[in-house]
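Below you'll find the structure, written out as structure tokens, and then a few comments.
The values are calculated or read from the model by the stated rules, or taken from the named source; none is laboratory data. Small disclaimer: the values here were computed from a predicted structure and weren't measured. Note that each Cβ is placed from the backbone with ideal geometry, even for glycine, and that neighbours are counted across all protein chains shown.
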Amino acid sequence: MAQFTTTQVEQLEMLLGYANSITLVHNRLSSTYSQSIYDRSIEIVAELGNIDSLLSGSDSSLDVAYVVEARSSKLSYTKQIAILRSTGSRLLRELAYLLSVQLVFNKYSSGSTVAYW
């Protein structure tokens, strides 16, 4: 059995869209999880960090954004962004499912996953 640190719990809350700490969610994330769920959750957080860095252009991904074709391969920066957003969205949903917590806001999609009416 494994347990997230306070810093990890706060990071998970922010990733899942909880801007303000909600006691019920905080308590759920502070509980113990199986080692496999803990390990996969840590992997997902790292993958989301990589996606965020690619989307923000903090690496060399924007250096080739203007390239349309290279040799016989056609490239599409908009498709690359769409794939990154789709992957990020999928990973957030998986994380919420693994941790048995609702995903309140998905920063990779155009809107939140919660209906207010």
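So here's what we get for this one:
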| item | result |
| --- | --- |
| The stretch 7-18, residues that are without any contact (Cβ under 8 Å) to a residue 24 or more places away in the chain and more than 20 Å from residue 34 (Cβ to Cβ) | 7, 10, 13, 14 |
| Matching entry among 73, 56, 86 (being modelled with pLDDT under 90, within 15 Å of the chain's Cα centre (by Cα) and not basic (Lys, Arg)) | 56 |
| Qualifying residues in the stretch 1-28 (those that are β-branched (Val, Ile, Thr) and part of a loop (DSSP other than H, G, I, E, B)) - the one surrounded by the most Cβ atoms within 10 Å (Cβ to Cβ) | 22 |
| Residues of the stretch 13-28 that turn out to be touching a helix residue (DSSP H, G or I) at 6+ places or on another chain (Cβ under 9 Å) and β-branched (Val, Ile, Thr), as a count | 2 |
| Hits in the stretch 1-32 (condition: out of contact with any Asp or Glu (no Cβ under 9 Å at 6 or more places or on another chain), closer than 18 Å to residue 105 by Cα and β-branched (Val, Ile, Thr)) | 9, 23 |
| Qualifying positions in the stretch 29-59 - in a helix (DSSP H, G or I) and either in contact with a helix residue (DSSP H, G or I) (Cβ under 7 Å, 6 or more places away or on another chain) or on the phi > 0 side of the Ramachandran plot (or both) | 29, 30, 37, 40, 41, 44, 45, 47, 48, 51, 54, 55 |
